[in-house]
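Worksheet for the structure shown next.
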Amino acid sequence: MTARNATLVAALGILLAVPQFVPPYFLHLLIQVLLFGFIYTAWSIMGRFGFVSLGHGAFMGVGAYVPALLWNYYGLTPWLGIPLGVLLSVLLALVIGYPCFRLRVVGHYFALVTLALSQVVMLTIVAARDITGGSLGFTPNAVGHSWYALQFPEKSYFYAISLVVWLGGLAVWRSIDRGIGREALDAISEDEEAAAAVGIDVMREKLRVTVISAALTALGGAIYGQYFMYLNPETVSGIAVSLQIVFAAIVGGMYAALGPTVGSLLTLSLNEGLRIGFGTNFIGAANTIYGILLILCIIFMPRGIVGMLETINFRRFRPKPVPAE
Amino acid sequence: MDFYLLEAIINGILLGGVLALLALGLNLIFGVIDVVWIAYADLVMCGMYAVYWLYSELGWPLVLAFAAAIVFVAVLGVLVHVLIIAPILGSAPINQLLATGGLLFFLQSFATLLFSTEFRNIGVRLPIIELGGIYISSARLLAFAMALLGAVALYFFLKRSFIGTAIRAIAQDRDIVGLMGVDQRSIYLVTSAIGGALAGLAACLLSLQYDVHPYIGNTFGPLIFMICVLGGLGNMIGGFVAAFIISQIIAIGGYYYSTELSYVLAFTFFIVLMFVRPRGVMTR
């Protein structure tokens, strides 16, 4: 076992032991950090290759609402409802992604088309208020502790679930980072025409990351719904959450595996810290500072916090790669 | 055709005027500086608060408050350019879009901090005009007329004045213009100020019709982007036409279904059209 692996195992052990030691409030925060870290990681799977989607609220919304609706109206277990929601998100991603990539809708245009998508999903949820409760939100029927309904009043269960999906998200991120398509995707993000000219299947590569990203985001949305047991179109879809996803990922650093999670940790602790520090008299104080941070971050360190740390600290100390034997 | 539908269509045309005005401002900035200000609708929100504060809290005359609001948003526009866009003018366009997205967060929450999330109204109610059984709000009529006037003024400014010519030249080829002795930086500043002033004008017109709250930009901001893209980003005439197409979809859809569904229709129409004509309705 190398030193690196030992560190990883130790970190995992600490993460697993956390629920035994921290008060419920902190556990609640940690669950959110992991869940949103997972969603931001899912976004960065696309974002890091320059496919900036402002529409991930759409996938999160579909992922959250589909299992909840199926559960309330048909009593369908989330074990089936969640895969259905994820599937629907993937279909949505294909319906938008395929024509976009075929017609070379890129950059600003891609960002704005996806923004429209997230608005479509949010407004559809609001418009179908007879079924979804509209802007008042939607509460899944609670049944107490149940594996069948995937509902657990105990926070430690959701901590474990969030930890698992978060680790899964990191694994997916890593497999794409190390995978064979990585160079192809980098080439596409540099110059699509040139990438196509050297024989890269641009469409296939772009669709692949888009579908993965949408599916993971939908899964994150679903678990968000199961945990909070309350859905609101404004908080799970639409422009606000879509931008929140993009910005947290960028502030943390979308080119590093842990970047989006750092973004999640930072934004959440900023929010909570200011909320506790200022009380409710200063609603908006957190986001005011957050907004300034975002602007500064994009101007001065477009690679995010983790990206910045990597270039400053660790390059000097990183051991030389050992040649293969 | 029944009266209510006709009323909806007329209201749609009137709404289109204000949207067209905003689309013009955004298109001007995109065409010249090559940046999408995601926070453009939130500048309008700032203008509406300026009107509210000056008129309702400080008791200024309405016309003076309007003038001050327009100047205020124009200055904001310049500040946006100097503080946010100028430092990253050379980086990827998407970064500039995202930086103004940070501005969106900032403006919305700063407005919340100053004015809370309460809906505020300047309390000016213009009369409703009846025309052969059709009711038209004169606030909307005024907004429409002023928006058209603003558009025409902008047209003549761009066509006839020296700075206007330079602005159009930059939109065509930003590298050659420098060789012709035009200082790009000052043109960018003027463009940002005009874009801001248009947002300020729209703010004045909207404050006669709507309550202002910190998130009002979210309700029509996405619409303006759709309109600009639909018309072809940077294509002002296209944006103008698209504003009326979109506002008709919303008006007629709202008449037959509901407001939200009409927006869903408009956005879906936009997405579909992007696939049919990826560079805007006006391209050949």
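All of the numbers you see were taken from the coordinates with simple rules; none came from a lab. Not measured: the values here are computed from a predicted model. We place every Cβ from the backbone using ideal geometry, glycine too, and count neighbours over all the protein chains shown.
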- [ ] Enumerate the whole-percent occupancy of each 10 Å bin, from 0 to the last occupied one, for all C-alpha pair distances of chain A.
- [x] 6, 24, 34, 25, 10, 2, 0
- [ ] Principal axes first, then extents: for the Cα atoms of chain B, list largest minus smallest coordinate on each axis, whole Å, largest first.
- [x] 60, 49, 35
Open item on the list: Please list the three semi-axes, largest first and in whole Å, of the ellipsoid equivalent to the stretch A:52-137, using sqrt of 5 times the eigenvalues of its alpha carbon gyration tensor.
Closed with: 26, 15, 8
TODO: Project the alpha carbons of the stretch A:198-276 onto their principal axes and report the range along each, largest first, in whole Å.
DONE: 55, 26, 20
Open item on the list: Once you compute Rg and the Kirkwood Rh from C-alpha atoms, what is the Rg to Rh ratio for the stretch A:107-192?
Closed with: 1.14
Task: Förster-model FRET efficiency, 22 Å R0, A:ALA11 and A:ARG182, C-beta, rounded to 0.05 - done: 0.30
Open item on the list: Sort A:153-161, A:218-226, B:124-132, B:151-159 by packing, meaning the average of other beta carbons within 10 Å per residue, with the highest value first.
Closed with: A:218-226, A:153-161, B:151-159, B:124-132
Task: Cα radius of gyration and Dmax for the protein assembly as shown (Å) - done: 25.0, 91
- [ ] Could I get the Rg over Rh figure for the stretch A:158-224? Both from C-alpha atoms, Rh via Kirkwood, rounded to two places.
- [x] 1.11
Open item on the list: Under the √(5λ) rule applied to the eigenvalues of the Cα gyration tensor, what semi-axes describe the equivalent ellipsoid of the stretch B:81-131? Give them in Å, descending.
Closed with: 36, 18, 9
- [ ] Read phi for every residue in the stretch B:235-241 and hand back ³J(HN,Hα) as whole Hz from Karplus 6.51 cos²θ - 1.76 cosθ + 1.60, θ = phi - 60°, with x for Gly and Pro.
- [x] 8, 5, 5, x, x, 5, 5
- [ ] Report, in order of residue number, the helices in chain A meeting two criteria: a C-alpha extent of 24 Å or more along the helix axis, and a mean Kyte-Doolittle hydropathy of at least 0.0; treat each whole DSSP H run as one helix.
- [x] A:3-21, A:24-47, A:56-74, A:78-102, A:107-127, A:155-178, A:202-228, A:259-278
- [ ] Starting from the Cα coordinates of the stretch A:129-269, work out the convex hull volume and express it per residue in Å³.
- [x] 151
TODO: Report, in debye and to the nearest 20, how large the dipole of the protein assembly as shown comes out about its Cα centre when Lys and Arg carry +1 and Asp and Glu carry -1 on their Cβ.
DONE: 820
- [ ] Ratio to report: Rg/Rh of the stretch A:1-158, with Cα atoms as the point set and Rh obtained by the Kirkwood method; give two decimals.
- [x] 1.04
Task: Per-residue mean of C-beta atoms belonging to partner chains within 10 Å, peptide A:292-302 - done: 6
Task: Relative intensity, log₁₀ I(q)/I(0), of the stretch A:20-72 from a Debye sum that treats every alpha carbon as a point, q = 0.13, 0.15, 0.17 Å⁻¹ - done: -0.49, -0.61, -0.72
- [ ] Please report, in debye to the nearest 20, how large the charge dipole of chain B is about its Cα centre when each Lys and Arg carries +1 at its beta carbon and each Asp and Glu carries -1 there.
- [x] 620
TODO: Round to the nearest 0.05 the FRET efficiency obtained for A:THR2 and A:ASP130 when R0 = 60 Å and r is the Cβ-Cβ distance.
DONE: 0.55
TODO: Would you mind getting me the FRET efficiency between B:VAL63 and A:TYR25? Use the beta-carbon distance for r and R0 = 51 Å, nearest 0.05.
DONE: 0.45
TODO: Specify the inter-centroid distance of the stretch B:208-240 and the stretch A:193-255, based on alpha-carbon positions, in whole Å.
DONE: 25
TODO: Report the dimensions of the stretch B:155-284 along its three principal axes from the alpha-carbon atoms, largest first, rounded to Å.
DONE: 55, 37, 23
TODO: Give, in whole angstrom and from largest to smallest, the semi-axes √(5λ) of the equivalent ellipsoid of the stretch B:91-202, with λ running over the eigenvalues of the Cα gyration tensor.
DONE: 35, 25, 11
